[in-house]
Amino acid sequence: MTAPTRADAAPGYRPGRTLRLSVELRRQLKRRRTQVTLGLIALLPALLWLAFSFAEQGPATGSISVVDLAQRSGTNFAVFAMFTSATFLLVVVVALFFGDTIASEASWSSLRYLLATPVPRARLLRQKALVAAMLSVAALLVLPGSALLVGWAAYGGGDLISPAGETLDPGPAVLRLLLSAGYLTLHLSWVAALALLLSVVTDAPLGAVGGAVMVSIVSQILDTITALEGLRDYLPTHYATAWADLLASQIDWGDMTRGVFSALSYAAVLGALAVWRFARKDITS
Amino acid sequence: MPPPRRPRRLTPGRPLAAILVLVLVGAATVAFLARDRSGPAEVPTQDLTLNVPAGPGQSGTVALDTTVYLPERTPAPAVLVAHGFGGSKASVDADARELADRGFVALAWSARGFGRSTGQIALNSPEHEVADASRLLDHLATRPEVSRDAPGDPRVGVTGGSYGGALSLMLAGYDRRVDAIAPVITWNDLGQALFPNNAVPNGVPEAGATPAATPFAPNGIFKRSWAGIFFSAGLAARPAVRGPSGIAPEAGSDGSGADAEAEDDAADAAADSRLLAIDPSRRDPAAPPPSVCGRFVAAVCAGYLEAATTGVLSPATADVLRRSSPVSVTDRITAPTLLVQGESDTLFGLDQADATARQIAAAGGTVDVVWFAGGHDGGAPGPVVRDRIGSWFDRYLGRPGVEPRPPGPAPAAGLTYAVQSGIRGESRNTPSVRSVTAEAYPGLPGAAPVARRDVALRGEPAEVLNPPGANPAAITSVPGVGGALGRLAGQLSAITAELPGQSAGFSTDPLPEQLLVAGSPRLRITVGRVPGQPSGPEAVLFGRIAEVTPDGRSTLLGGAVAPLRVAVPPGDRPAELTVALPAVVAPIEPGHRLVVTVATTDQSFQGADQPAVWRIGTAGPEPALAVPVVPGRNVTANTVPAGPASGIGLIVAGVLVAWLVARFTRRRPGPTVDGPAPQERLPLVIEGLRKSYPGGVVAVADVSFAMRPNQVLGLLGPNGAGKTTVLRMLMGLIRPSGGSIRVFGHPISPGAPVLSRIGSFVEGPGFLPHLSGLDNLRLYWAATGRPDADAHLDEALEIAGLGKAVHRRVRTYSQGMRQRLAIAQAMLGLPDLLVLDEPTNGLDPPQIHAMREVLRRYATGGRSVLVSSHLLAEVEQTCGDVVVMHHGRVVADGPVADIVAGGGKATFRVDDPTRAAEVLRGADGVSEVELDEQSVHADLNGMPRSEAVGRLVGAGVAVSAAGPRRRLEDAFLQLVGEDNTP
């Protein structure tokens, strides 16, 4: 112990050492929920591959579909896996990790003991959010990683063919995949902040997770109504697929910049609300 | 034991609704993401009819129906917007509005013979339509809204599609006042467009160093389907062709919305024309009655009739068409020219724009070329291409607020082409498109000739039959339908293009890598006679190129065919020629093959009537397909937008500032404690504590009490007395509405460091069910961040007494086990103040007994224990002191014995209870005498117990024991009244 303990606290107690990330990470990683979620994401590409192997060849339509494209190379397969999961599965995963933070502790009644330890409230929220972010990023990396492995094994290490018909060498293609995981990380921050806020205001983990997913789905539905025109730009999911621009040899950063800005705006507002609410909340769970 | 009256909590649905609203409101506040997606702006317009001379050798005038669109700021340069064949000024209304919205004065007019304009169609003849446009320039020069280069010389550009595009080029060739032009999907040589011949005879030098060049060989084959549509548009009042319908897909746009608008405009234009057709009063009385020639001037009509009946282009007709073609003036065009040509265009293909670009550049003009994913078979230019056209006029005309490009050496001609991948996206049905730009147009002066990649071809020579009358004929394209249907033509043709015995095919091997075809592929073939079979002096053949997938699906590139007229010398020697296949842009995927077929018939063209059989093979020892490629870089629609990018910076900076502010304003108490010295501070002092919830519910009304070191204090009260709320406030979970709590002299607030000296077990255990009991304790201690050695884990485990079960998951524990584990957790680190809420719930009697011992031993060495319970016996047996709470208030406070004795009741163990009762009843003030088997109880009302004993003994009753009546229940009921069941 280098820093002296405060006069009013128990020996060895320092607020900055409470609920360290390693501790919270251990608490979460030992959960079946975490293990199963990450495991399923790692398994998803294999399931996709199985589905492709069993699927009958459809009637000749004269044009190539994205599913045809997915079977061209490992990188294409990984891109397909990202496309299929970005708008729902990954939203659910992020909502799960963040919506569970406070609400599950509340439902186990362990929240009050953590707060009475005392872990300062802002710190508790921050540490739990950081660990949820680490798990989310892990999920966002496991998916393309596993998809690349499965894809390489099943379809070889060929070039990436983008939906716009361009080809990218496998090396840069993997880099683009990483970048798209990075974009999704930033873009899903709005889901994270919303789930965190819901987790703070409700004691039911399912309510927090489901609420965040529901808002995402409503936003996606509204986004399909073209009559809304410019208003759709404000929907948090409007730029959810902007990372597809990364698949061109010349990257158009426009929509991705707008998407990150939109997501961070929502995340900042919702996250600030979560902190504000949690700092003032009477813990009755 | 949940408090019976909790504050009103949000139901799960309400925060959701609140947050949905919040999200939508938040959406509206992110204001500068907003982009204007509205349609053509409201611009002021002015309709007027201009009378122009009818033409050389003709008397009278022709009335041109015009509309002027005015921009916000004037004077501004003007742009003439010419319509396509069969259209009218109404069909370019949207384009004109867009240009006016951009800042130009736009002038749209109906060409003579179209719309409400009078006169006859002279097919862009220099003396008629081109002269008309010059008169429009005269008019513009007189308008104050139009900026001028010189008196009578307005600053003006010209644009238009198809017929209007040709007029742009022609006007630029005939009128030096034109400053810039942007012709769209138009012809270079109408004779070549309607009578193409893509055969380059052997020995004739290859003209095309440019990617899309076709030989423009003489003696072409009549493109009868398109010519018929073209001509009939001038016959009927209602146009049969109005240029492409719909918008071509392009990079960076989803194409929604604008499409519908364009369709509406086109429909309006059509309705307008129909109105003219049925309302005789609105027709030009001078117009001739319906005839074979319709509204065409005689020379044009005669030419068409001749061509349509003979299928041959006579020199006279060729001359008429040439005078109507930009090729006659391209060597004089100095106005900077942006050529926009469609990749889906079987009427005016890429080769037409290629020829125009070649001719203008050869004469030293400034030219730039855009190939977009549309055309007469595809769609009209989309917003990106239209913006490109607008920028062209910005650059060469300037406009208020935009300086034109200063004069200087012309920039090299560039080429931008759209690549349609043909891969269907997830949700969109339109193919994905990207845009590729080559800095230099290959083959133009100053640029290297186009690179061609040779791909080996396989295929045995085949004998093909030309059926008599060239019927049945292969159907490769459906001209004039436009839009999505036109784009389908390439796929449709795969089914109808191959008639048995009529074609010879040559295929490449599957391509090892993607090949982006950009231009006209070349192939050398031989055409020979078959002994014993009929054959004429020349063969009419049709070359096609298709992409074939591994599973046999075939797509005709560009939906186009290359007609060939080949003179075959008599005898056995075959003719050898180079075939310039249609100029296309197509990405060929790896593993796909390119297949060239040479067929004898095509529905769109006038085939050879005489039956014949030809032997067709590839020429040369190593037959190869020379595929033009134009390397370039992909163009992205835009760079990083400044607004959102700086917005991201602001958010990051804001979060950083908030974090720093929070860090430096963090409460730092410590030596600020007032009152007595640390060693004298009491473990717990509660003063005037109050908690009320919104809505008037008061959980704790007024609670004050204090604890001494080494004390075991009981907090006793019925359910709902407010005990748990007090404890929650003590733990910093709930903010008091009033009063204060001090622990060892330090005020309690959420997260106060002094909380680390309290060990608590309140309202049941709280464990992570997926972890073992041991892991729970370890991780809990780890979460405190305090040294492991301070935990005293072994002692705590001993108290929990779980044995081996400590390694099992907590979810498998019984309630008693959880209870004990929770008490053990509260004791981790041996806190100075231990707070236990109903600690003996779920414990069996021996465990309860042991627990009492533990607590008594714990409260030594300055440590204290606060036990809350609603069980009287519990408190009575465990605690030395008690605080009794009821309805949120302290109703009694003191040593248990005092509280118990406070009522003054006494119990005497006697040998004769009946006698003893009589004695006591006889004593003054003694009341409520009760008796049972061995004892008598009485309220002595102030009489000392010793005196009562003396009286009993004096009365001959043997007293074996005397003491206070040890039933806390009595005292408790007396304190809280009878209404303790809520």
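Key figures for this structure:
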quantity	calculated
Residue tally, condition buried (at least 23 other Cβ atoms within 10 Å of the Cβ) and facing chain B (nearest Cβ under 8 Å), over the range A:201-218	4
One residue from B:T49, B:T118, B:T61, B:T67 being modelled with pLDDT of 90 or more, β-branched (V, I, T) and over 27 Å from B:G398 (Cβ atoms)	B:T49
Residues within the range B:826-865 that are in contact with a strand residue (DSSP E or B) (Cβ under 8 Å, 6 or more places away or on another chain), over 12 Å from B:I758 (Cβ atoms) and open to solvent by 50 Å² or more (accessible area, probe 1.4 Å), tallied	1
Residue count, the range A:234-266 (criterion: part of a helix (DSSP H, G or I), open to solvent by 20 Å² or more (accessible area, probe 1.4 Å) and more than 7 Å from every other protein chain (Cβ to nearest Cβ))	3
Scan of the range B:196-212 for residues that are touching a Leu at 6+ places or on another chain (Cβ under 7 Å) and at pLDDT 85 or above, ordered by number	B:N197, B:N198, B:A199, B:T210, B:A212
Qualifying residues in the range A:48-77 (those that are modelled with pLDDT of 90 or more and open to solvent by 70 Å² or more (accessible area, probe 1.4 Å)) - the one nearest to the other protein chains (Cβ to nearest Cβ)	A:W49
Where A:V275 falls short, out of the listed (1) under 24 Å from A:A122 (Cα atoms); (2) open to solvent by less than 10 Å² (accessible area, probe 1.4 Å)	(2)
All positions within the range A:95-113 that are within 13 Å of the chain's Cα centre (by Cα) and open to solvent by 10 Å² or more (accessible area, probe 1.4 Å)	A:L96, A:F98
Scan of the range B:579-616 for residues that are farther than 28 Å from B:V370 by Cβ, assigned to a strand (DSSP E or B) and open to solvent by 10 Å² or more (accessible area, probe 1.4 Å), ordered by number	B:R593, B:V595, B:T597, B:V613, B:R615
Extreme residue, nearest to the other protein chains (Cβ to nearest Cβ), among residues of the range B:619-641 that are surrounded by 22 or more Cβ atoms within 10 Å (Cβ to Cβ) and not in a loop (DSSP other than H, G, I, E, B)	B:V627
Residue match in the range B:777-792 (condition: outside any helix (DSSP H, G or I), within 28 Å of A:R33 (Cβ to Cβ) and at the interface with chain A (Cβ under 10 Å from one of its Cβ atoms))	yes
Matching residues in the range B:644-658 - criterion: being at the interface with chain A (Cβ under 7 Å from one of its Cβ atoms) and within 19 Å of A:Y239 (Cα to Cα)	B:P644, B:A645, B:G647, B:I648, B:I651
Condition met for B:A789 (open to solvent by less than 40 Å² (accessible area, probe 1.4 Å) and small (G, A, S))	no
Boolean, B:V762 is touching a Phe, Trp or Tyr at 6+ places or on another chain (Cβ under 7 Å) and open to solvent by less than 40 Å² (accessible area, probe 1.4 Å)	no
Test result for B:P215, at pLDDT 75 or above, more than 24 Å from B:T309 (Cβ to Cβ) and part of a loop (DSSP other than H, G, I, E, B)	yes
Those residues of the range B:647-698 which are at pLDDT below 90, hydroxyl-bearing (S, T, Y) and under 53 Å from the mean Cα position of the chain (by Cα), in sequence order	B:T665, B:Y693
Any hit, the range B:494-508, residues being open to solvent by 40 Å² or more (accessible area, probe 1.4 Å) and at pLDDT 90 or above	no
Test: residue in the range A:181-193 that is without any contact (Cβ under 8 Å) to a residue 12 or more places away in the chain, crowded, with 24+ Cβ neighbours inside 10 Å and farther than 28 Å from B:R735 by Cα	no
Strands (runs of 3 or more DSSP E) lying entirely in the range B:702-772 (those with 1 or more residues that are β-branched (V, I, T) and more than 9 Å from chain A (Cβ to nearest Cβ))	B:712-716, B:738-743
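Yes/no per residue for (1) outside any loop (DSSP other than H, G, I, E, B); (2) touching a strand residue (DSSP E or B) at 6+ places or on another chain (Cβ under 8 Å); (3) open to solvent by 10 Å² or more (accessible area, probe 1.4 Å):
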residue	(1), (2), (3)
B:R97	yes, yes, yes
B:A100	yes, yes, no
B:A108	yes, yes, no
B:G115	no, yes, yes
B:T118	no, yes, yes
B:S125	no, no, yes
B:R135	yes, yes, yes
B:H139	yes, yes, yes
B:P144	no, no, yes
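The values are calculated or read from the model by the stated rules, or taken from the named source; none is laboratory data. Computed from a predicted model, the values in this text were never measured in an experiment. As a convention, Cβ positions derive from the backbone with ideal geometry for all residues, glycine included, and neighbour counts pool all protein chains shown. We work out accessible area using only protein heavy atoms, side chains counted, and drop any ligands, DNA or RNA first. Shrake-Rupley method; radii C 1.70, N 1.55, O 1.52, S 1.80 Å.
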